[in-house]
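Before I ask anything, here is the structure I am working with.
The values are calculated or read from the model by the stated rules, or taken from the named source; none is laboratory data. Bear in mind that the values here come from a model prediction, so they are computed numbers and not experimental data. In this analysis, Cβ positions are derived from the backbone assuming ideal geometry, glycine residues included, and neighbour counts consider all displayed protein chains. Remember, those area values only see protein heavy atoms, side chains included, never the ligands or the DNA or RNA. Shrake-Rupley method; radii C 1.70, N 1.55, O 1.52, S 1.80 Å.
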Amino acid sequence: MPITMTTERDGRVARVTFDNSARGNCLDTALLRELAEALERAAADPAHVVIRLEMAGRHFCGGWDTASFAGLADEPAETVAERLRESDALVDRIRRLPVPVVAGVRGRIVGFGLGLLAAVHLPVAAAEARASLPEARFGFAPAGVGHTVARALPRAQAYALLCGLTTATGRQLSAWGLVARVAPEAQLDAAVEEVLDGLLEIPGGTLRGIVEVVGSSVDTGRPDRAYAVAARTIVAGAGS
């Protein structure tokens, strides 16, 4: 099994490890679904305040498994589009998890891997990490990850990355708002631990509330849900 779950920090942190390191942690639909379901199971346990996603090996994600490209030329475009929608829907399930996911990001983040990175709530990147989008060199226009990049990056930089003309460092990913923190690779694990330390000082209900506030605000552009969530946490906090 490439995905395992353990607990740490007195059971308050669920550690989900994805290990397809022999193939650079590349993904296909089955593996992505398995990862989303494992993270959802971890989030469903009320004892888990935070999820730590560990992408095993040297690289965060090598993108979509190119072995799955075989036969695409023989399929109708709408069938291919539906597959793309399916993979993005699985990533969206990760983005919508009710507890924050923290992940150390090292090595390469290739293609679809950048979409996975953007779904993680609090990615901590090694300064030496490198993100690239090689799809254009294969003759493909990026789909969901293209949408993510176009929304997150300045227009000219989005074009350069999507066309494969440049790679992004960990510090550039931070400047674009795609990672929460950057550290030298030798200190990456310690930086992840520091983020976990900070999160564990916050009551679990409040953390879930913050995730809800951010998610609803991004989805709707309105504060309506945030008012209700804040009120709930204020009442709970005042009564404790």
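Could you provide, to the nearest whole Å², the per residue accessible area of the chain with probe 1.4 Å?
Per-residue value: 50 Å².
Moving to a separate point now. Please check: in the Gaussian network model of the chain (C-alpha springs, under 10 Å), which one of GLU194, GLU185, GLU54 has the largest mean-square fluctuation.
The residue that fluctuates most here is GLU194.
Within the accessible area of the chain, what % is carbon and sulfur when the probe is 1.4 Å and the other protein chains stay in place?
56
Let me ask you something else. Considering amide H positions built from the backbone, and no H for Pro or chain starts, which residues 5 or more places from VAL179, or on another chain, come under 5 Å of its amide H?
Those lying under 5 Å, H to H, from VAL179 are SER174.
Could I ask something else about it? Please give the charge dipole size of the stretch 87-207, origin at the Cα centre, charges +1 on K and R Cβ atoms and -1 on D and E Cβ atoms. Round to the nearest 20 debye.
Taking the Cα centre of the stretch 87-207 as origin, the dipole is about 520 debye.
Related question: Can you give the percent of C-alpha pairs in the stretch 130-236 whose distance is more than 25 Å?
Of the Cα pairs, 45 percent sit more than 25 Å apart.
Can you list the HN-Hα couplings for the stretch 83-93, worked out from phi with the Karplus curve (6.51, -1.76, 1.60; θ = phi - 60°), rounded to whole Hz and with x for Gly and Pro?
After applying 6.51 cos²θ - 1.76 cosθ + 1.60, I find 5, 5, 4, 4, 5, 5, 5, 5, 5, 5, 4 Hz.
Near the amide H of ILE3, under 5 Å away, which other amide H atoms are found, from residues 5 or more places off or on another chain, if H is placed in the peptide plane?
ASP19
Further, regarding this structure: So, in nm, how far is label ARG96 from label GLU193 when the simple model puts each one 7 Å beyond its Cα toward the Cβ?
3.6
Here's something else I'd like to know. As a test question: what accessible area, to the nearest 10 Å², does THR4 have when a 1.4 Å probe is rolled over all protein chains in place?
The accessible area comes out at roughly 70 Å².
In the set (1) 19.8; (2) 21.2; (3) 18.7, which value of Kirkwood radius over Cα pairs in Å was calculated from the structure you see?
Correct label is (3).
Could you give each residue of the stretch 186-195 its phi-based ³J(HN,Hα) in whole Hz, using Karplus coefficients 6.51, -1.76, 1.60 with θ = phi - 60°, and x for Gly or Pro?
Values, residue by residue: 5, 10, 5, 4, 5, 5, 5, 4, 5, 4 Hz.
When the Karplus curve 6.51 cos²θ - 1.76 cosθ + 1.60 is applied with θ = phi - 60°, which whole-Hz ³J(HN,Hα) does each residue of the stretch 137-153 get, with x for Gly and Pro?
Once θ is set to phi - 60°, the couplings for the stretch 137-153 become 5, 8, x, 10, 8, x, 9, x, 5, x, 4, 4, 5, 4, 7, 8, 9 Hz.
What net charge is computed for the residues neighbouring ALA56, neighbours being all others with C-beta under 12 Å from the C-beta of ALA56, Lys and Arg scored +1, Asp and Glu -1?
Every neighbour counted, the sum reads +2.
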